[in-house]
Ligand SMILES: [Zn+2]
């Protein structure tokens with residue numbers, strides 16, 4: 001089969017890879033219908049994270065082609081959406097709703113690499129969710145979004161306790177930040193402030209439900225949020241970047257007693273000082289999103305066409321042109337690239 005391998009920073013190739021096979025009885029092999037490039041794939045692409053002949057891709061939707069003997073909830077022929085985190089969905093941590101930290105968990109990125117024609121998904125019952133039937137083609141991008149960016153934005157909004165009567169601020173105008181805006185709106189937030197300096201992204205944020213835009217950052221950004229919230233700060237702040245600057249922006253934009261949901265992948269060099277946390281007096285919840293917790297609900301919303309997160313893909317390319325997809329996102333010509341098979 002063909003699959004994307006990142007040989008080195010900036011060097012993305014579509015090469016022939018070995019077809020996956022069932023190894024454990026809990027595995028499923030899926031034929032991938034659509035996959036995509038994640039903002040987090042840009043870290044190795046830019047040389048910020050180590051990369052060496054790495055199998056790429058962790059977002060996927062597809063059709064089950066083969067199942068192991070122990071798989072019960074998905075069948076051959078089912079259209080499935082899977083999380084970027086493998087989970088059994090039965091251990092105590094999973095049952096508490098933190099499937100991204102499953103006791104038997106692993107990450108699809110690296111080991112499996114779903115920017116490919118097929119993938120072996122471990123713990124198929126606990127990782128995959130079948131859709132009610134074969135989807136209309138125009139629903140595929142939205143279902144694919146549920147696999148990571150929507151699920152991650154949704155978790156951030158839930159972690160930030162977005163809801164009726166709340167003012168939600170969103171730090172980060174990438175795909176996850178935009179999905180955080182969508183999630184906050186769906187969860188009933190009264191006001192949604194998108195922090196963005198880019199006119200095109202501001203337009204997207206408004207489309208997904210932002211009611212206000214703040215262009216400034218740092219002290220000025222904090223002041224702007226306070227001005228919009230009676231001097232208090234937002235009830236709920238979504239952090240979707242993963243830098244020290246964005247984390248502090250989020251914490252400082254939150255009112256005392258408020259909640260920060262952080263889902264930007266933190267990197268070395270992000271340092272938070274105890275005194276900044278101590279006197280902020282805010283709730284912090286975040287990490288790799290337990291997308292599996294939200295998949296049934298998100299699939300249902302998409303299936304009933306109540307949300308259209310697939311709009312976040314502004315570039316669609318065949319898998320063979322993956323290198324151009326990476327380059328377009330790296331140069332910010334594209335928010336998120338969908339790869340078709
Ligand atoms: Zn588990």
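The values are calculated or read from the model by the stated rules, or taken from the named source; none is laboratory data. Owing to the predicted nature of the structure, the values given are computational and were not obtained by experimental measurement. No Cβ is skipped: glycine too gets one built from the backbone with ideal geometry, and neighbour counts run over all protein chains shown.
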If you check every pair at least six apart or on different chains, which have Cβ atoms under 7 Å apart with a residue in segment 176-191 that is in contact (Cβ under 8 Å) with a residue 60 or more places away in the chain first and a residue that is buried (at least 24 other Cβ atoms within 10 Å of the Cβ) and assigned to a loop (DSSP other than H, G, I, E, B) second?
176/240; 176/263; 177/240; 180/240
Among 18, 49, 66, which is more than 16 Å from the ligand (Cβ to nearest atom), assigned to a strand (DSSP E or B) and surrounded by fewer than 20 Cβ atoms within 10 Å (Cβ to Cβ)?
66
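Residues checked against (1) within 16 Å of the ligand (Cβ to nearest atom); (2) under 17 Å from residue 293 (Cβ atoms):
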{"site": "105", "(1), (2)": "yes, yes"}
{"site": "108", "(1), (2)": "yes, yes"}
{"site": "118", "(1), (2)": "no, no"}
{"site": "128", "(1), (2)": "yes, yes"}
{"site": "136", "(1), (2)": "no, no"}
{"site": "140", "(1), (2)": "no, no"}
{"site": "146", "(1), (2)": "no, yes"}
{"site": "176", "(1), (2)": "no, yes"}
{"site": "180", "(1), (2)": "no, yes"}
Residue hits (segment 93-143; within 18 Å of the chain's Cα centre (by Cα) and part of a helix (DSSP H, G or I)) are 99, 100, 101, 108, 109, 110, 127, 139, 140, 141, 142, 143
Before we move on, is residue 113 within 15 Å of residue 64 (Cα to Cα) and out of contact with any helix residue (DSSP H, G or I) (no Cβ under 7 Å at 6 or more places or on another chain)?
no
Reported set for segment 122-150 where residues are out of contact with any strand residue (DSSP E or B) (no Cβ under 9 Å at 6 or more places or on another chain) and either at pLDDT below 95 or within 25 Å of residue 239 (Cα to Cα) (or both) is 142, 150
Just checking, how many residues over segment 165-205 are buried (at least 16 other Cβ atoms within 10 Å of the Cβ) and in a helix (DSSP H, G or I)?
16
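Applying the selection to segment 273-302, what residues are outside any helix (DSSP H, G or I) and either closer than 20 Å to residue 160 by Cβ or touching a strand residue (DSSP E or B) at 6+ places or on another chain (Cβ under 6 Å) (or both)?
The initial filter retains those residues of segment 273-302 that are outside any helix (DSSP H, G or I), namely 273, 281-290.
Answer for segment 273-302, where residues must be outside any helix (DSSP H, G or I) and either closer than 20 Å to residue 160 by Cβ or touching a strand residue (DSSP E or B) at 6+ places or on another chain (Cβ under 6 Å) (or both): 281, 282, 283, 284, 285, 286, 287, 288, 289, 290.
Could you check how many residues of segment 257-272 are assigned to a strand (DSSP E or B) and surrounded by 18 or more Cβ atoms within 10 Å (Cβ to Cβ)? I'd like the intermediate steps shown before the answer.
Quick first cut of segment 257-272, residues assigned to a strand (DSSP E or B) only: 257-262.
Among the residues that remain, those that are also surrounded by 18 or more Cβ atoms within 10 Å (Cβ to Cβ) are: 258-262.
Going through segment 257-272 one residue at a time, the tally reaches 5.
Kindly establish whether residue 251 is under 30 Å from residue 104 (Cα atoms), in contact (Cβ under 8 Å) with a residue 24 or more places away in the chain and not in a strand (DSSP E or B).
On the way: under 30 Å from residue 104 (Cα atoms): no; in contact (Cβ under 8 Å) with a residue 24 or more places away in the chain: yes; not in a strand (DSSP E or B): yes.
The answer is no for residue 251.
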A careful count of residues in segment 69-88 that are in a loop (DSSP other than H, G, I, E, B) and surrounded by fewer than 24 Cβ atoms within 10 Å (Cβ to Cβ) gives 11
